[in-house]
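J.: Dumping the structure here so I can ask a few things about it.
The values are calculated or read from the model by the stated rules, or taken from the named source; none is laboratory data. Bear in mind that the values here come from a model prediction, so they are computed numbers and not experimental data. Reconstructed Cβ throughout: ideal geometry from the backbone, glycine too, with neighbour counts over all protein chains shown. Heads up: the accessible areas ignore ligands, DNA and RNA and are worked out on the full protein's heavy atoms, side chains in. Shrake-Rupley method; radii C 1.70, N 1.55, O 1.52, S 1.80 Å.
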Amino acid sequence: MAHSTFSQVAVAVPVGNDLSVKRSVFKTNSLRFHDKSWSPVSALNLNLRGTRARGWQTVCMSVPQTSAPKVSVAPLDLEDAKEPPLNIYKPKSPYTATIVSVERLVGPKAPGETCHIVIDHGGNVPYWEGQSYGVIPPGENPKKPGNPHNVRLYSIASTRYGDSFDGKTASLCVRRAVYYDPETGKEDPSKNGVCSNFLCDSKPGDKVQITGPSGKIMLLPEDDPNATHIMIATGTGVAPFRGYLRRMFMESVPTFKFGGLAWLFLGVANVDSLLYDDEFSKYLKDYPENFRYDRALSREQKNKSGGKMYVQDKIEEYSDEIFKLLDGGAHIYFCGLKGMMPGIQDTLKKVAEQRGTDLIRIRWMIVDY
């Protein structure tokens, strides 16, 4: 598996009698960021019958920022850019970067291996949080002899300053894709993921061909530093949110001072599968008024019905709080496996019906990696 499916969902919930929407990036049929308008990829309207149409209400929310030491960074030119960098390097002319480190992120009881990979791009492939890099693994494409492999996309798991805080590295969160024959139960290396295994097997100093950066939908809106951001991820889908949270809570950036609320829901199999848990737990300790962190462990926790605990069960558990935040203009993002979206949508629809909400507009971007 090269990459988790990317999804961004914007939920706008009508309440009250005020027909105006005063503050929300989700108030129109396009997403606004730095005064640029992007059209959504697709839209799903869930018209709920038997309820009365009501207006919109926006409640501004500002949570005071606690003080905790952050890493001072020298602002990059990217801080002044009005649009994100896009496709600086393309598949026919990729950039040759260097592997800095490869670190196993999960414990021994995790089903599968996930690695944190730091890549040195020398500052030549700049990006914004929420964008992706393309990786071209070495070797020949078996379907097109004589040609290189196709590009695999991976969301970037670091801020624009990278893990070294100098703007010269980018980090990827990669799960090693391994294929097991369903009849014999044995691994078949010939069918393993080419790119994920190349990256997870890389050593410091190895070269890697990268393209991009790509994507401008999963970006962190920074026009309101006191906004609420609800982030829902499964597995390696947490990658862009790690970048968001490092920018919010780890780095001291003169042009961005976060004073809002960030709420992360992370769904994985078990405790050993948790990704970047130490970082997130530290934010929870240092910024208890600005950060919430809820884990859904499908193999270790039960939902209220006695079944496995998935992120949609956590959403339902906290649905009253979540919908109140959405009513107030909160941003909500989903990133993870494509298969999680139906469960998320069903949960949102059910909760909306229970609340007597007339209409939910859901927009998302799905890039199948």
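J.: Would you list Asp120, Asp163, Asp278, Asp346 from the most to the least accessible area, probe 1.4 Å?
T.: Solvent-accessible surface, decreasing: Asp278, Asp346, Asp120, Asp163.
J.: Right, here's the next one. Where does segment 196-265 land on Rg/Rh, using Cα atoms and the Kirkwood Rh?
T.: That ratio is 1.06, to two decimals.
J.: Would you list Ser252, Ser132 from the most to the least accessible area, probe 1.4 Å?
T.: Output order, biggest surface exposure first: Ser252, Ser132.
J.: Sticking with this structure for a sec: With the Cα gyration tensor of segment 290-348 in hand, give its eigenvalues times 5 under a square root as the equivalent ellipsoid semi-axes, listed largest first in whole angstrom.
T.: Working: eigenvalues 81, 38, 27 Å².
Semi-axis lengths for segment 290-348 are 20, 14, 12 Å.
J.: Which lysines have a Cα lying under 16 Å from the Cα of Lys82, excluding residues fewer than 8 positions away in the same chain?
T.: By straight Cα distance, Lys82 reaches Lys36, Lys216.
J.: Near Lys350, which lysines are there with a Cα under 18 Å away, not counting those fewer than 8 places off in the same chain?
T.: Hits, sequence-local ones excluded: Lys304, Lys314, Lys324.
J.: Based on the Kirkwood radius over alpha-carbon pairs, what is the Stokes-Einstein translational diffusion coefficient of segment 244-293 at 20 °C with 1.002 mPa s viscosity, in µm²/s? List each step's numbers first, then the result.
T.: Values: Rh = 11.7 Å.
My calculation gives 182 µm²/s for D.
J.: Still on this structure, please answer the following. Using the reciprocal of the averaged 1/r over all distinct C-alpha pairs, how large is the Kirkwood radius of segment 235-334 in Å? Write down the numbers at each step before the final one.
T.: Details: mean 1/r = 0.0686 Å⁻¹.
Roughly 14.6 Å, rounded to one decimal.
J.: If ligands, DNA and RNA are left out, what is the accessible area of Val238 with a 1.4 Å probe, given in Å² to the nearest 10?
T.: Val238 exposes around 0 Å² with every protein chain in place.
J.: Also: Report, by chain and number, residues whose modeled amide H sits under 5 Å from the one on Ala81, excluding near sequence neighbours (fewer than 5 apart, same chain).
T.: So Ala81 has HN proximity to no qualifying residue.
J.: Carbon and sulfur atoms: what percent of the 1.4 Å accessible area of segment 262-348 do they account for? Intermediate results must be reported in sequence, preceding the final value.
T.: Working: 1680 of 3580 Å².
The value for segment 262-348 is 47 percent carbon and sulfur by accessible area.
J.: Can you pull out the trypsin sites (Lys or Arg not before Pro) in segment 264-318 that DSSP calls coil and that have at most 15 other Cβ atoms within 10 Å?
T.: Arg299, Lys304
J.: Got a number for the accessible area of Asp188? Probe 1.4 Å, square angstrom, nearest 10.
T.: 40
J.: Pull up all non-local amide H partners of Gln301: gap of 5 or more, or a different chain, and H-to-H distance under 5 Å with H placed in the peptide plane.
T.: Met309
J.: Rolling a 1.4 angstrom probe over the protein chains, ignoring ligands and nucleic acids, what is the accessible area of Arg152 in square angstrom, nearest 10?
T.: Its accessible surface works out to 60 Å², give or take rounding.
J.: Calculate the tail of P(r) for segment 127-220: the fraction of all Cα-Cα distances greater than 19 Å, expressed in %.
T.: On the way: 2186 of 4371 pairs.
Considering segment 127-220, 50 percent of its Cα-Cα pairs are separated by more than 19 Å.
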